[in-house]
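**Q** Below is the structure I would like to discuss, written out as structure tokens.
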Amino acid sequence: MTILVIGATGRVGRHVVDQLVNRDARVRVLTRDTAKADFPADVEVVQGDLLDIDGLRAAFAGVRTLFLLNAVTGDEFTQALVTLNVAHEAGVERIVYLSVFDADRAVNVPHFAVKYGAERMLEAMNFSATILRPTYFIDNEIMVKDVILQHGVYPIPIGGKGVAMVDARDIAEVAALELIRRDQAPGKLPMTTINVVGPETLTGEQIAAIWSDVLGRPVVYGGDDPSGFESNMATFMPKWSAYEMRLMAERYVSDGMIPKEDDVERLTTLLGRRLHTYRETAEALAAG
């Protein structure tokens, strides 16, 4: 049966498609902009978005399994609930949903609370679902690359508790394995939640030290200042979004993103390999 990937043109979604194709799965993607859908020829592309009911219904025709990643937007919750309702209407029961680490605890951060609401819907409507809860994406560091390289400052207020940043490639491979496991199962499988984390829990100071070592010159940590982070973010993104980034940063400072004792072991066993490290990304960004 066909696996539908929603969010296929983003950092994680592209890797999900590649992982599925490499495992000979039949893949369909839903995208607003088909010009960005530069996928292998055997990947079916359907144009539409998550508030386009006709497009969603067309995308779900003949689909048994869904990967759902919806972007952080002002109407993210509506998009998620509409999509899950249309999936249910179409008879799609098998889902891998990309949530976020600590979605059930960080309820004051809008996109965390949204994802927890979608998790509750998956449970209440008896979907056969895997909920993936990734930590902060290492790949997002490209947004602060210039600040690090040009000014010698690591600007994200990570705090001193530590965040186990995760590589998008690791998230995507876990997602693909779960999609195939559910798609090929003879019936509905129990709902499960997987924390998708990085191999090391790093503080702001430790991240700055990695950059110092990679670059061969001092990089300092900018400090635990979520309000200043909000001001910087507001120079290139909507103010509501910058404020949300501040709320997220406040959670990093107060609580961190600290894996459970067996999270890393569970992932390395599932993948059959080690997880990608922060240093790998730092080295790639420095070289690029």
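**Q** Does region 211-219 contain any residue that is of a type in the set (S, T, Y) and over 30 Å from D75 (Cβ atoms)?
**A** Yes, some residue in region 211-219 is of a type in the set (S, T, Y) and over 30 Å from D75 (Cβ atoms).
**Q** Related question: Would you check if V16 is assigned to a loop (DSSP other than H, G, I, E, B), in contact with a helix residue (DSSP H, G or I) (Cβ under 6 Å, 6 or more places away or on another chain) and touching a residue at least 60 places away in the same chain (Cβ under 8 Å)?
**A** No.
**Q** Looking only at region 257-275, filter to residues that are part of a helix (DSSP H, G or I) and among the acidic types (D, E); which one of those is surrounded by the fewest Cβ atoms within 10 Å (Cβ to Cβ)?
**A** Ranking the qualifying residues of region 257-275, first place goes to E265.
**Q** Determine if region 94-112 includes at least one residue that is surrounded by 14 or more Cβ atoms within 10 Å (Cβ to Cβ) and over 20 Å from the mean Cα position of the chain (by Cα).
**A** No.
**Q** Which count do you get for residues in region 116-138 that are within 30 Å of W211 (Cα to Cα) and either modelled with pLDDT under 95 or basic (K, R) (or both)?
**A** The number of residues fulfilling the criteria is 1.
**Q** Output yes when any residue across region 184-203 is modelled with pLDDT of 95 or more, assigned to a helix (DSSP H, G or I), surrounded by 15 or more Cβ atoms within 10 Å (Cβ to Cβ) and of a type outside the set (F, W, Y), and no when none is.
**A** no
**Q** Taking strands (runs of 3 or more DSSP E) that fall entirely within region 57-144, which contain at least 1 residues that are closer than 27 Å to Q184 by Cβ, touching a Phe, Trp or Tyr at 6+ places or on another chain (Cβ under 9 Å) and among the polar types (S, T, N, Q)?
**A** Working: elements: 63-68, 94-98, 128-134.
Passing ranges, in order: 128-134.
**Q** Out of everything in region 1-54 that is within 20 Å of L132 (Cα to Cα) and of a type in the set (S, T, N, Q), what residue ends up being modelled with the highest pLDDT?
**A** Among them, the one singled out is Q19.
**Q** Here are some residues: S241, S254, S231. Which one is free of Cβ contacts under 8 Å to residues at least 12 places away in the same chain and in a helix (DSSP H, G or I)?
**A** Of S241, S254, S231, the one residue that is free of Cβ contacts under 8 Å to residues at least 12 places away in the same chain and in a helix (DSSP H, G or I) is S231.
**Q** How do the pairs read when you match residues in region 104-132 that are in contact (Cβ under 8 Å) with a residue 60 or more places away in the chain with residues anywhere that are part of a helix (DSSP H, G or I) and of a type in the set (G, A, S), using Cβ under 9 Å and keeping only pairs 6 or more apart or on different chains?
**A** What qualifies is A106/A113; F127/A87; T130/A175; I131/A118; L132/A175.
**Q** Okay, moving on. Looking only at residues in region 23-54 that are assigned to a helix (DSSP H, G or I) and in contact (Cβ under 8 Å) with a residue 24 or more places away in the chain, which one is nearest to A175 (Cα to Cα)?
**A** K36
**Q** For the condition under 18 Å from the mean Cα position of the chain (by Cα) and of a type outside the set (K, R), what is the one hit in P259, P218, P226?
**A** Of the residues listed, the single one that is under 18 Å from the mean Cα position of the chain (by Cα) and of a type outside the set (K, R) is P259.
**Q** Okay, next question. Is it true that some residue in region 116-128 is polar (S, T, N, Q) and under 18 Å from the mean Cα position of the chain (by Cα)?
**A** no
**Q** Could I ask something else about it? List, please: which pairs have Cβ atoms under 6 Å, are six or more places apart or on different chains, and start with a residue in region 62-90 that is within 23 Å of I180 (Cα to Cα) and end with one that is polar (S, T, N, Q)?
**A** G62/T2; V63/T2; N70/Q79; A80/N70
The values are calculated or read from the model by the stated rules, or taken from the named source; none is laboratory data. Small disclaimer: the values here were computed from a predicted structure and weren't measured. With ideal geometry, Cβ positions are generated from the backbone for all residues, glycine too; neighbour counts draw on all protein chains shown.
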